[in-house]
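J.: Quick one: structure below, then a few questions.
None of the figures in this text is laboratory data; all of them are computed from the coordinates on show. Here the structure is a predicted model, which means the values were calculated and not measured. A quick note on method: Cβ atoms are made from the backbone with ideal geometry, for glycine too, and the neighbour counts reach across all protein chains shown.
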Amino acid sequence: MAVKALQEGYHGEFKDSAEKFGGAIVVYIGWDKHLWFCSPKAFPLDPNMPFGAVVENVLPAGFGAHPQFAEIDWDKVEWSLNQQPFTPDMEKSLAEQGFDHKCLLRMKTPGLDGLHGASI
Amino acid sequence: MEAKKLNVKEKYRLLTRDLDWEFSYEDRKEAFPYEEFEGIKITDWSKWEDPFRLTMDAYWKYQAEKEKKLYAIYDAFAQNNGHLNVSDARYVNALKIFLTAISPAEYAAHNGFAFTGRQLGGIGARIAAQMQSIDELRHIQTQIHAMSHYNKHFEGFDEFSHMHDRVWYLSVPKSFFDDARSSGPFEYIVAISFAFEYVLTNLLFVPFMSGAAYNGDMATVTFGFSAQSDEARHMTLGLEIIKFLLEQHEDNVPIVQKWIDKWLWRGYRLLSVVAMMMDYMLPQKFMSWKEAWELYFEDAGGALFRDLERYGIKMPACAELIAKEKDHLSHQTWWTFYTFGHAAAFHTWTPSAEEMDWLSEKYPDSFDKWYRPRFEMAAELAEKGERFYSEGLPQLCQTCQIPMFYTECGDDRPDDTCYRSTHYQGERFHFCSDHCKDIFEDEPEKYVHAWLPVHQIFQGNCGGADLADVMKYYKLNDGAVNADYMGSSDEQRWKALKGIA
């Protein structure tokens, strides 16, 4: 369907198109079964940064407050990118591995399923 | 010959219907340019039944008397330091939400009804919309006056208008009314008069006013009583517009159904904040969100939609999901504000042991299993001086603009975040639910334009990249209006006022 408007061809401005973020892409990151963080978080990231830098800098800033964060075995994390299974290369850049503007990265940490049987 | 005195019926006709005129030399379509583009077909405006049965002169007289009494009570409230009679200063935070989120929405409603009061082609509908427009303007004014006394004693009230246009969570009510006001006049009046004022008002108005009554807030209670007769008129208008549109033409039925589906969902999402207010913010609680939803929507709304079936209108599909979310909504919303409480213009806290027991009793299927452990963990950390605040910024839904905290309740997986997305013209858009996604996909041209606060911060449009810069841009006085109630200046002032050590 399309909007019904007074004039033919009405279209609102794309408020969040990629060029508005000064070279960054917005990446959403969620950690399954860890609702201590109420929702996934949004990060403006340089698409040329290696994935390893996300693990080293971005994730600790966003999710490091959780007691299970320090226990994560990064070799066992199950990742998905835009809801497709994804095996990251720590050395390669985000752009090289298919990260685009407003993409969704989810991580599952088998064995670390939140606290108190309540997915906290 | 002696002038004949008009009887009431004649006077009413002359002062309402007779205010209209025939367009003898101008094109009627040019006078009402917004009347057709939405696809609504009106065959006979004279079939409109005036829901208010009120003439303008009577309206002014009646409202002026009401207002005079209201302001006399406000004066007495201020002179007697009425704020000292509230149950606890935590209660005042519910008022801060009301003033920053709801009162500016009254102003937006005033604006929207002024528009419909000009653009609808029928004189009866125009006068009804005009009166409601004036009601909404009176409501924001009287609300500001009701709360001005609290502004003298508590933080977080003074910049409500500035905040409404900027603060991250206030984009939710703001965008709700922007969406309605940028629609045509018929969608606007279905959205606000029917879906919001008729179907959902008991879940907005009653919780705040009963909350005020239970918590000793006479100023707000008095406002509530004063506005009650207005609200009753607004509800009548909502029902009349629906019946009128459905009776005018069968082609209107699918359009009206689409608007009801959309606006019941949009209104419900907006009420998340009311759910949390009822269950977590009122020191004296009167009813749980779940009970209110069952009483006011499932029972009363169920009867309404059965009544509308003869027109071909069905209960909106979203009602099923809402019924499943009712065990989770308030807990998830409060948790979001609790963890982002460093960036909110009101205080947050963990529920006391007694309050947690109340929540267990009201939510036997969800609270102890999913939410009690979370709040107990938070309370323990706070006790140790390590009050938890979530770093960074949340992902938002493109349609309702709420952080993506809703979970897969529809699928009985309340511990899995609900992720939905779609592509439109090469860009990806994310949603909290199927219903918000459907609304976007129906009118993507409109929702790509959403001013999402998190993205605006990233684009550098909110004062800077640091939280401190953004707080300044919001005029949110860091260290005074935000963070935990425990240790806040509100708490200290309250204790001093009440002589509590």
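J.: With r defined as the distance between the Cβ atoms of residue B:225 and residue B:365 and R0 fixed at 25 Å, what FRET efficiency is calculated, to the nearest 0.05? Let's see the in-between values first.
T.: Values: r = 36 Å, r/R0 = 1.44.
Result of the calculation: an efficiency of 0.10.
J.: Compute the Cα gyration tensor for the range B:311-365, then decide on rounded, prolate or oblate, letting a ≥ b ≥ c be the square roots of its eigenvalues: rounded whenever a/c is under 1.5, prolate when a/b is larger than b/c in the other cases, and oblate in all that remain.
T.: Taking the square roots of the gyration eigenvalues as a ≥ b ≥ c, the range B:311-365 is oblate.
J.: How large is the charge dipole for the protein assembly as shown, taken about the Cα centre, if only the Cβ atoms of Lys, Arg (+1) and Asp, Glu (-1) carry charge, to the nearest 20 debye?
T.: So the magnitude is around 1620 debye.
J.: Quick check on the exposure proxy: order A:72, B:500, B:241 from fewest to most C-beta atoms within 10 angstrom.
T.: Least to most surrounded, the residues fall as B:500, A:72, B:241.
J.: For chain A, what is the mean residue ellipticity at 222 nm derived from helices alone (per DSSP H run of n ≥ 4: -39500 (n - 2.57); sum divided by total residues; nearest 500 deg cm²/dmol)?
T.: Details: 1 runs with 5 residues, N = 120.
That comes out to -1000 deg cm²/dmol.
J.: Could you please tell me the mean projected area of the C-alpha convex hull for chain B, averaged over all directions and given in square nanometres to one decimal?
T.: 27.2 nm²
J.: Within a 10 angstrom radius of the beta carbon, how do B:276, A:49 rank from fewest other beta carbons to most?
T.: A:49, B:276
J.: Now a separate question. Can you pull the three principal axis extents for the Cα set of the range B:136-264, in Å, largest first?
T.: Taking the Cα atoms of the range B:136-264, the three principal extents are 56, 31, 21 Å.
J.: Let me ask something else about it. Neighbour counts of other C-beta atoms within 10 Å: give me B:432, B:418 arranged from fewest to most. Working shown, then result.
T.: Working: B:432 26, B:418 23.
Going from least to most buried by this count: B:418, B:432.
J.: Work out, step by step, the length gained on full extension between residue B:78 and residue B:317: first 0.36 nm times the residue separation, then minus their alpha carbon distance; give nm to one decimal.
T.: 81.3 nm
J.: Here's a follow-up. Toward the positive end of the charge dipole of chain B, about the Cα centre and with charges on Cβ (Lys, Arg +1; Asp, Glu -1), which of B:245, B:76, B:275 goes farthest?
T.: B:76
J.: Rg (Å, one decimal) plus Dmax (Å, integer) for the alpha carbons of the protein assembly as shown?
T.: 25.7, 102
J.: Still on this structure: I'd like the FRET efficiency for residue B:493 and residue B:182, computed as 1/(1 + (r/R0)^6) with the beta carbon distance as r and R0 of 35 Å, rounded to 0.05.
T.: So, using R0 = 35 Å, E works out to roughly 0.25.
J.: State to the nearest 20 debye the size of the charge dipole of chain B about its Cα centre, where the only charges are +1 on K and R beta carbons and -1 on D and E beta carbons.
T.: Approximately 1260 debye in magnitude.
J.: In the range B:44-187, how many lysine pairs have Cα atoms under 27 Å apart, counting only pairs 8 or more places apart or on different chains?
T.: 10
J.: For residue B:445 and residue B:13, FRET efficiency with R0 = 41 Å and r from the beta-carbon atoms, rounded to 0.05? Intermediate results must be reported in sequence, preceding the final value.
T.: Details: r = 43 Å, r/R0 = 1.06.
With a Förster radius of 41 Å, E is 0.40.
J.: Just to confirm my numbers, what's the Cα centroid distance between the range A:42-69 and the range B:152-224 in Å?
T.: Here the two parts' Cα centres lie 38 Å apart.
J.: Using unit Cβ charges (K, R positive; D, E negative) and no other charged atoms, how large, in debye to the nearest 20, is the dipole of chain A about its Cα centre?
T.: That gives a dipole near 440 debye.
J.: If you don't mind, another one. If you scale each eigenvalue of the Cα gyration tensor by 5 and take the root, what three semi-axes come out for the range A:23-108, rounded to whole angstrom and sorted largest first?
T.: 19, 14, 13
J.: Right, next: Please work out how much length the chain gains when fully extended from residue B:381 to residue B:303, using 0.36 nm per residue of separation minus the C-alpha to C-alpha distance, in nm with one decimal.
T.: 23.4 nm
J.: Compare the Cα positions of B:455, B:407, B:107 along the charge dipole of the protein assembly as shown (+1 at Cβ of Lys, Arg; -1 at Cβ of Asp, Glu; about the Cα centre) and return the one farthest towards the positive end.
T.: B:107
J.: Along the positive direction of the dipole of chain A (beta-carbon charges: Lys, Arg +1; Asp, Glu -1; about the Cα centre), which of A:81, A:103, A:117 reaches farthest?
T.: A:117
J.: A follow-up question, please. What number, rounded to the nearest 500 deg cm²/dmol, is the helix-based mean residue ellipticity at 222 nm of chain B, given -39500 (n - 2.57) per DSSP H run of at least four residues and division by all its residues?
T.: -16000 deg cm²/dmol
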